[in-house]
Amino acid sequence: MRIAELSRRTGVPIPTIKYYLREGLVPAGERTGPNQAQYGEAHVKRLKLARALVEVGGLSIASAREALRLMFSAGLSELDTIGKAQYAMTPAREYMEDEAWDEAVAEVDELIAKRGWRVKPANPARRTLADALATLRRLDQDDYFELLDSYAETAERLAADEIETVTRRGDVDSVAEAVVVWTAVGDTVLASLRRLAQEDKSTRLLEGS
C-alpha cells in the first residue's frame, strides 16, 4: 500500500507518518521509486503501536523508539523483556540533588525494603519516585506521605494482576508487546480512573452523598 492508504488504515496523518519514519519509530517501506514506497501490514501494526505510545501513553520519541526496538527484539526471555521494556519507558534525566532529594532516596529504599520488593538498584523508577517525593517535600506537602503505603499496596496488587495476566500469553513477542502497551497506555488509564474517582469522592464529601 502507498503512504496515503497507510494513513487511511491507521488514522495517522501523513506528516506524522513521515515524522515517525524519520525518527525510526516505523521502519522504512520498500522503495518503488525515487519518492515512492510500499508498506505492508507490519507497518500498519507498528504505526498504531507508535501512535499509542506517543500520543496516548505520553512517551517521548526516544523512549517510544527504544520500547518499540525491545518489543521487536529476538532472543530475550520473558523476564528480560519485562525488565528492559519497563526501564526503556522511564526516561533518564537530571535531578535536583539537595536535602529533600537525599531524604526521598532514603524513603524509597526504606519502602522497597519494607515491602520486600525485589528491585534492582539500577531501576530508573527509583529515581523517578524519589524526585516526585522530593518535590512534595519542597512544596511542604508532607501529609501526602501518609498515603505512600496505600499507594504502594495498590500498586503491588495491580502489578501482580498485570504480570499474571500478561504472562499467560505464552510467547515472548506477545508478552513484550503487552508489557510496553499496558505500561504506557495503562499509566494514562490509571491516572484517568484516579481523577474520575477523585471527582466522585469530592462531590460526595462536599455536597453530601
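All of the numbers you see were taken from the coordinates with simple rules; none came from a lab. It should be emphasised that the depicted structure is a prediction, and the values quoted were computed from it without experimental measurement. Counting neighbours? That spans all protein chains shown, and the Cβs are built from the backbone with ideal geometry, glycine included.
Each part gets one Cα centre, and for segment 1-29 versus segment 171-207 those centres are 28 Å apart. Among GLY116, GLY57, GLY186, the residue with the largest mean-square fluctuation in a Gaussian network model of the chain, with springs joining Cα atoms closer than 10 Å, is GLY116.
For the chain, what class follows from the C-alpha gyration tensor (a ≥ b ≥ c being the square roots of its eigenvalues): rounded when a/c is under 1.5, otherwise prolate if a/b is larger than b/c, else oblate?
Numbers: a/c = 2.05, a/b = 1.78, b/c = 1.15.
The shape class here is prolate.
Annotation: amide H of ALA37 within the under-5 Å range of ILE3, THR32, sequence separation 5 or more or interchain, hydrogens built in the peptide plane. In the chain, the longest principal axis of the Cα atoms and the axis of helix 61-71 are about 80 degrees apart.
Bridging of LYS48 to aspartates and glutamates at a Cα separation below 17 Å is possible for GLU5, GLU23, GLU66, ASP173, GLU177, once same-chain residues fewer than 8 apart are set aside.
Figure legend: label point modelled 7 angstrom from the Cα of GLU103 along Cα→Cβ; residues of segment 126-142 with amide N under 14 Å from it are 131-142. Between THR128, THR167, THR32, which gets the highest mean-square fluctuation from a Gaussian network model of the chain, Cα cutoff 10 Å? The residue that fluctuates most here is THR32. Listed values for segment 42-49 are Karplus-derived 3J(HN,Hα) couplings in whole Hz (6.51 cos²θ - 1.76 cosθ + 1.60, θ = phi - 60°), namely 4, 5, 4, 5, 4, 5, 5, 5, and x replaces Gly and Pro.
Working note: Karplus 6.51/-1.76/1.60 with θ = phi - 60° gives segment 132-142 the couplings 5, 5, 4, 4, 4, 4, 5, 9, 6, 9, 5 Hz, where Gly and Pro are set to x. In straight Cα distance, which lysines are under 22 Å from LYS45, not counting same-chain residues fewer than 8 positions off? The reachable lysines, counting only those whose Cα sits under 22 Å from LYS45, are LYS18, LYS84. For segment 123-190, the set of trypsin sites (Lys or Arg not before Pro) satisfying both a DSSP loop assignment and a count of at most 12 other C-beta atoms within 10 Å is given as ARG168. Length available on full extension from GLU5 to LEU205: 0.36 nm per residue minus the Cα-Cα distance, which gives 66.8 nm. Potential lengthening of the chain between LYS45 and LEU196 amounts to 51.3 nm, from the contour at 0.36 nm per residue minus the alpha-carbon distance.
Across segment 57-207, C-alpha contacts under 8 Å between residues 6 or more apart give a mean separation that, scaled by the residue count, equals a relative contact order of 37 percent.
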